[in-house]
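Everything below concerns the one structure shown next.
The values are calculated or read from the model by the stated rules, or taken from the named source; none is laboratory data. Model, not experiment: these values are computed from the prediction. Note: ideal-geometry Cβ built from the backbone for every residue, glycine included; neighbour counts use all protein chains shown.
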């Protein structure tokens, strides 16, 4: 590659006499001869140059060239360390070079070495300008004689190099395959590209992926050099998210797909390409983290993404809302991990209500100002993590005029905990964390019609032991129209359990903590307390408790089977199949 780029420089300075002509690079695999041949039509080498650049380890011809021709095409030069050629001995028992310099009256030259200090350097028969490097593959490396293996390597590392590279066909007479796109989309001006160009390039990067939602073209040359295209992929489920899908290039040379520290952590969920010659590629990660250009690039990318999202939200909110299922994952992750992004995102993060309506935080606050503020003046955002499972709780909250939003993705548990700490005037409360009356404030409940002894009797009857669950019993004076029993999960303990599970059981195997709230004003308790048959009395209490636990998805296995059997016993004379269907 460098030999070809140098040729273009010499053409511009007048050192090359005549036309540049064809500069294609060819790679040929000969399984029978056990050789891989890389052929270029670049500047070639004289015997003196070959001796100087090849026989000295860690002497870089590229560095010498850059120093001499500073300001002339140096950005296209790949080599820097004088070590690249020696990788050929990792797979070869011997290596041959056939070369002829572009300089007038230069003779062909042949070099051969088996990796020892001994080598052959003699006049060669090569007639045309350029260099052929022939690797005689050793027995331990025959995998590289497979055409498909070489093709995959070339595709990974050379797909966007700026000089055409061809892999010769396995069979004689067939056309060679062009490996690379020499002018990828990110090297062009955004004004020269259509939406189709961007989508086609995405398909080139990720052949089997669904079309992206939208993209951001990066193009800056001060105070650092950076080009690239970042795509927001379509994500149907949060568990489909994959990191390390952004490829890092330096002057179209593939470097890595691990871009940690260069790209903000939350944007590692994006797909695409970034290309910068200003990123130090030959240093440790700790140095990379402290490099000023890397910090500037990181901040620039964050700002560009935030500006793009704000623009999409402002210009076409309907389309933005339609994409929110995918966009929301990136926005929330960014708000958790990047405080600068958090500040900008408050204007375009959305909460979706259970009826489908979308609100910004300010819109939600404005709509709930009257009845969703607690005594401390904090706005209570009531949410559901499972609108189907928690449907009865949602209905109860809505009946009191509360607005319930959906926070049901894998990231939402962390999002709730983090944002609650960062937004001082907001508190998140899950819809099943308490009875509806207490979701916003622990209001004063009506007095229960039950006596103290009747209350204690009920608490005793409702005591239940289920493995992995800690149950508390509380009797409150609710409206007679409310349910007789409500099972709620205290917010604090549920969050502790969620955090423990996410962090691999850091607090041990915490049990489910459940509060069974008995409505002391419901008329069913008079019937329950008047029942003389202790067996029936216990069955009635256990069934009421189990129905509440069932609404939380906590009744499974043997407990569920016992509940069904008990219900059938209690409803003798009725059609069993209908009872089971009802349950």
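Taking into account only those residues within the range 196-231 that are part of a helix (DSSP H, G or I) and touching a strand residue (DSSP E or B) at 6+ places or on another chain (Cβ under 9 Å), which is farthest from residue 252 (Cα to Cα)?
Across the range 196-231, the extreme among qualifying residues is 199.
For the range 393-407, enumerate the residues that are surrounded by 15 or more Cβ atoms within 10 Å (Cβ to Cβ) and out of contact with any strand residue (DSSP E or B) (no Cβ under 7 Å at 6 or more places or on another chain).
Hits for the range 393-407 are 393, 396.
Any residue that is part of a strand (DSSP E or B), in contact with a strand residue (DSSP E or B) (Cβ under 7 Å, 6 or more places away or on another chain) and either surrounded by 15 or more Cβ atoms within 10 Å (Cβ to Cβ) or outside the structural domain of residue 202 (by TED's automatic domain parsing) (or both) - is there at least one of those in the range 147-164?
no
Tell me, please, whether a residue that is in contact with a strand residue (DSSP E or B) (Cβ under 7 Å, 6 or more places away or on another chain), assigned by TED's automatic domain parsing to the domain that holds residue 47 and at positive phi can be found in the range 116-133.
Scanning the range 116-133, I find at least one residue that is in contact with a strand residue (DSSP E or B) (Cβ under 7 Å, 6 or more places away or on another chain), assigned by TED's automatic domain parsing to the domain that holds residue 47 and at positive phi, so the answer is yes.
Residue-by-condition table, conditions (1) at pLDDT below 90; (2) part of a strand (DSSP E or B); (3) closer than 23 Å to residue 176 by Cα:
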residue: 7; (1), (2), (3): no, no, no
residue: 11; (1), (2), (3): yes, no, no
residue: 19; (1), (2), (3): yes, no, no
residue: 32; (1), (2), (3): no, no, yes
residue: 38; (1), (2), (3): no, yes, yes
residue: 45; (1), (2), (3): no, no, no
residue: 53; (1), (2), (3): yes, no, no
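Could you tell me whether any residue of the range 81-101 is in a loop (DSSP other than H, G, I, E, B), at pLDDT below 95, under 45 Å from the mean Cα position of the chain (by Cα) and surrounded by fewer than 15 Cβ atoms within 10 Å (Cβ to Cβ)?
Looking for residues that are in a loop (DSSP other than H, G, I, E, B), at pLDDT below 95, under 45 Å from the mean Cα position of the chain (by Cα) and surrounded by fewer than 15 Cβ atoms within 10 Å (Cβ to Cβ), one finds at least one in the range 81-101, hence yes.
Of the numbered conditions (1) on the phi < 0 side of the Ramachandran plot; (2) at pLDDT below 90, residue 468 satisfies every one except a single condition; which is it?
Single failed check for residue 468: (1).
Hey, can you tell me all the residues within the range 116-145 that are exposed (fewer than 15 other Cβ atoms within 10 Å of the Cβ), free of Cβ contacts under 8 Å to residues at least 60 places away in the same chain and assigned to a loop (DSSP other than H, G, I, E, B)?
Matches in the range 116-145: 116, 117, 118, 125, 127.
In the list 310, 306, which residue meets the criterion of being modelled with pLDDT of 85 or more and either surrounded by 19 or more Cβ atoms within 10 Å (Cβ to Cβ) or not assigned by TED's automatic domain parsing to the domain that holds residue 221 (or both)?
One residue alone meets the criteria, 306.
Taking the range 1-27 only, how many residues are in contact with a strand residue (DSSP E or B) (Cβ under 8 Å, 6 or more places away or on another chain) and surrounded by 20 or more Cβ atoms within 10 Å (Cβ to Cβ)?
Residues in the range 1-27 being in contact with a strand residue (DSSP E or B) (Cβ under 8 Å, 6 or more places away or on another chain) and surrounded by 20 or more Cβ atoms within 10 Å (Cβ to Cβ): 5 in total.
Test residue 375 against the stated conditions and say whether it is part of a helix (DSSP H, G or I) and touching a residue at least 12 places away in the same chain (Cβ under 8 Å).
no
Which numbered condition trips up residue 499, out of (1) part of a loop (DSSP other than H, G, I, E, B); (2) modelled with pLDDT under 80; (3) surrounded by fewer than 16 Cβ atoms within 10 Å (Cβ to Cβ)?
Failed condition: (1).
Within the range 468-488, count every residue that is surrounded by fewer than 20 Cβ atoms within 10 Å (Cβ to Cβ) and more than 19 Å from residue 454 (Cα to Cα).
6
Collect the residues in the range 399-425 that are assigned to a helix (DSSP H, G or I) and in contact with a helix residue (DSSP H, G or I) (Cβ under 9 Å, 6 or more places away or on another chain), keeping them in residue-number order.
Correct list: 399, 412, 413, 414, 415, 416, 417, 418, 419, 422.
Residues in the range 245-253: is at least one farther than 19 Å from residue 188 by Cα, modelled with pLDDT under 85 and under 12 Å from the mean Cα position of the chain (by Cα)?
Looking through the range 245-253, at least one residue is farther than 19 Å from residue 188 by Cα, modelled with pLDDT under 85 and under 12 Å from the mean Cα position of the chain (by Cα).
Within the bounds of the range 467-480, is there any residue that is over 30 Å from residue 358 (Cα atoms), part of a helix (DSSP H, G or I), free of Cβ contacts under 8 Å to residues at least 24 places away in the same chain and in the same structural domain as residue 510 (by TED's automatic domain parsing)?
No, the range 467-480 contains no residue that is over 30 Å from residue 358 (Cα atoms), part of a helix (DSSP H, G or I), free of Cβ contacts under 8 Å to residues at least 24 places away in the same chain and in the same structural domain as residue 510 (by TED's automatic domain parsing).
Restricting to the range 506-528, what's the tally of residues that are assigned to a loop (DSSP other than H, G, I, E, B), touching a helix residue (DSSP H, G or I) at 6+ places or on another chain (Cβ under 9 Å) and at pLDDT 85 or above?
The number of residues fulfilling the criteria is 1.
Would you call residue 369 over 30 Å from residue 534 (Cβ atoms), loosely packed, with under 13 Cβ neighbours inside 10 Å, under 39 Å from the mean Cα position of the chain (by Cα) and at pLDDT 90 or above?
yes
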